[in-house]
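Have a look at the structure below, then the notes.
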Number of protein chains: 2
Amino acid sequence: MTAPRAWQVVLDAVERDLLEGRLSPGDHLPAERTLAVDLGVGRSSVREALRVLEVLGLIRTAVGSGPSAGAIIVARPGGGMSALMRLQVAAQGFPVADVVKTRLVLEGAIVTELAAGDSPDLTASAQILTAMERQTLTQAEFLALDAAFHLSLAEASGNQVVTATMAGLRSAIEGYARAGAAGLPSWPATSVRLMHEHRGVLAAILAGEADAARLAMHAHISGYYAETHLHEH
Amino acid sequence: MTAPRAWQVVLDAVERDLLEGRLSPGDHLPAERTLAVDLGVGRSSVREALRVLEVLGLIRTAVGSGPSAGAIIVARPGGGMSALMRLQVAAQGFPVADVVKTRLVLEGAIVTELAAGDSPDLTASAQILTAMERQTLTQAEFLALDAAFHLSLAEASGNQVVTATMAGLRSAIEGYARAGAAGLPSWPATSVRLMHEHRGVLAAILAGEADAARLAMHAHISGYYAETHLHEH
DNA sequence: TGTAACCTGTGGTCAGACCACACGACGAGA
DNA sequence: TCTCGTCGTGTGGTCTGACCACAGGTTACA
């Protein structure tokens, strides 16, 4: 048995406490110094483990004293998924094409389920579309709202895993989306088309037309990707 | 502008080096002490960032000297995705039901694509099924091969993102699968049924019957989940 | 009673030390 | 000349101790 690394001991201990109910969302972790003594490791090893937990979106840390200070279990997977996918794309572990294909699968499933569902709550998505129709938006603002729209559909599905994964995929290719938009021949024309496609997707969902919604979303995503991909090299 | 945390500086520097091509898979990161001096932070902060990169599957570290020592970019997303999803499930950020639903979506898409593809290479998957038919397997060995089979289908699809996500989802609910299997009334009967379902999925893919393959996989996953879920408490 | 000063415990960071390890260079011996 | 063992060196892994900024509670004073 090879000796486990000290930070791994801390990580395992926290995971075990979570699985066995000794730790739940909202709870405080023991202080770093206490954890170090209890687990028989140095404080620096504890901190390495806590850093991992923080990046993974499991805890939030705050300095000072009082109830809001210290490390608290939060279980917000979005940030961790974004960091993971963004870095994997940067390190060429995730090809951009695979990210886009995965978006097609997930968003297709999302809109299919939403359309099949009984009166899903899409007011948030509709509000985002309304905000996007303002003519004073910069390109960056438009793209941010575009991302928010897609994410709001995932949230409407109620699936935490899909929502977090979508957030990660989106942030992973955010740079490509921005660079691609900058190289388009006519941004106004493209943005208007994207708006219409968004409205079309939303309308198909609300009409309960699952297949139409899926195809519209598919065309929306792959269309933009193809268009921007043509102009980069 | 709030001061960025020291480890964040390191993480950002590495990400920038990756994006701008100064670092590629197989390259060595500078030594921890060098990195600390170059970025103007302490070595412990560098180590916190490297720990994150290691857990995320971006680097591999080794002690000693020579070409294989040090921190090397590897971009293996499987481990990071597994850690992220396992911990999020443990911390109740990811409901198990959502994990299963996501599996249904992804594995359905995988087999659909494989069936539609032109003569996919499924020899690895077939070999795993053959290995599963040995009668001397323990329950744990059977479950491990079961996981390997599902993962091999993802790998056959060639999509790195889907493969890594599948690996993460699987490991996140591994504990539940094991606990559920232990509570089944008749494990031999269940394992035989699972085997038949696997064969059915594979046959449908090879026959090019996309819809049949998707439905078979859907029934396979949701069936096992429903069966084990009934017997746990 | 209200307020200001202080105390305490927290995470954030750094510096330094030591260890085990693995490779590569060097030198002694055949 | 070749082989093999030794030693040096640089690496990550870990621990310890120290200091800081911060935020809250506590206390003492007006």
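The values are calculated or read from the model by the stated rules, or taken from the named source; none is laboratory data. It should be emphasised that the depicted structure is a prediction, and the values quoted were computed from it without experimental measurement. We place every Cβ from the backbone using ideal geometry, glycine too, and count neighbours over all the protein chains shown. The area values use the complete protein model at the heavy-atom level, side chains included, leaving out ligands, DNA and RNA. Shrake-Rupley method; radii C 1.70, N 1.55, O 1.52, S 1.80 Å.
See the values below:
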| read-out | value |
| --- | --- |
| B:Q88, sole failed condition from (1) assigned to a helix (DSSP H, G or I); (2) more than 9 Å from every other protein chain (Cβ to nearest Cβ); (3) more than 12 Å from DNA strand D (Cβ to nearest atom) | (2) |
| Scope region B:180-204; condition among the small types (G, A, S) and at pLDDT below 95; matching residues | B:G180, B:A181, B:A182, B:G183, B:S186, B:A189, B:S191 |
| Leading residue by the ranking (surrounded by the most Cβ atoms within 10 Å (Cβ to Cβ)) among those in region B:62-85 that are within 9 Å of chain A (Cβ to nearest Cβ) and among the small types (G, A, S) | B:G80 |
| Residue match in region B:111-125 (condition: charged (D, E, K, R), at pLDDT 95 or above and on the phi < 0 side of the Ramachandran plot) | yes |
| Search result, residues across region B:51-102 that are of a type in the set (D, E) and touching a helix residue (DSSP H, G or I) at 6+ places or on another chain (Cβ under 7 Å) | B:D98 |
| Near pairs, Cβ below 6 angstrom, 6+ apart or cross-chain, from region A:19-33 (closer than 18 Å to B:R86 by Cβ) to any residue that is more than 16 Å from DNA strand D (Cβ to nearest atom) and part of a loop (DSSP other than H, G, I, E, B) | A:P25/A:A75; A:P25/B:Q92 |
| B:P95, sole failed condition from (1) facing another protein chain (nearest Cβ under 7 Å); (2) within 23 Å of A:L87 (Cβ to Cβ) | (2) |
| Matching residues in region B:30-43 - criterion: being within 8 Å of DNA strand D (Cβ to nearest atom), open to solvent by less than 70 Å² (accessible area, probe 1.4 Å) and either within 13 Å of another protein chain (Cβ to nearest Cβ) or not hydrophobic (A, V, I, L, M, F, W, C) (or both) | B:P30, B:E32, B:T34 |
| Verdict on B:A49 being within 12 Å of chain A (Cβ to nearest Cβ), under 28 Å from the mean Cα position of the chain (by Cα) and either closer than 30 Å to A:N159 by Cα or near DNA strand D (Cβ under 9 Å from one of its atoms) (or both) | no |
| Every residue from region B:21-56 that is among the hydrophobic types (A, V, I, L, M, F, W, C) and within 9 Å of DNA strand C (Cβ to nearest atom) | B:A36, B:V37, B:L39, B:V41, B:V46 |
| One residue from B:A210, B:A164, B:A154 being under 22 Å from B:Q92 (Cα atoms) and surrounded by 17 or more Cβ atoms within 10 Å (Cβ to Cβ) | B:A164 |
| Residues that are of a type in the set (S, T, N, Q) and within 14 Å of chain B (Cβ to nearest Cβ), drawn from region A:98-142 | A:T102, A:T112 |
| Pairs, first within 14 Å of chain A (Cβ to nearest Cβ) in region B:143-168, second assigned to a loop (DSSP other than H, G, I, E, B) and of a type in the set (K, R), C-beta under 9 Å, six or more apart | B:A164/B:R76 |
| Test set (1) more than 13 Å from DNA strand C (Cβ to nearest atom); (2) within 12 Å of another protein chain (Cβ to nearest Cβ); (3) farther than 18 Å from B:Q88 by Cα; (4) not polar (S, T, N, Q) - A:D12 fails condition number | (3) |
| Residue, least open to solvent (accessible area, probe 1.4 Å), within region B:5-29, restricted to residues that are in a loop (DSSP other than H, G, I, E, B), over 17 Å from B:A69 (Cα atoms) and more than 14 Å from DNA strand D (Cβ to nearest atom) | B:G21 |
| Residues (touching a Leu at 6+ places or on another chain (Cβ under 9 Å) and farther than 30 Å from B:G26 by Cβ) located in region A:48-76 | A:L50, A:L58, A:I59, A:T61, A:G70, A:A71, A:I72, A:I73, A:V74, A:A75, A:R76 |
| Helices (runs of 4 or more DSSP H) wholly inside region B:102-172 containing at least 3 residues that are farther than 24 Å from A:S82 by Cβ and not β-branched (V, I, T) | B:123-132, B:139-157 |
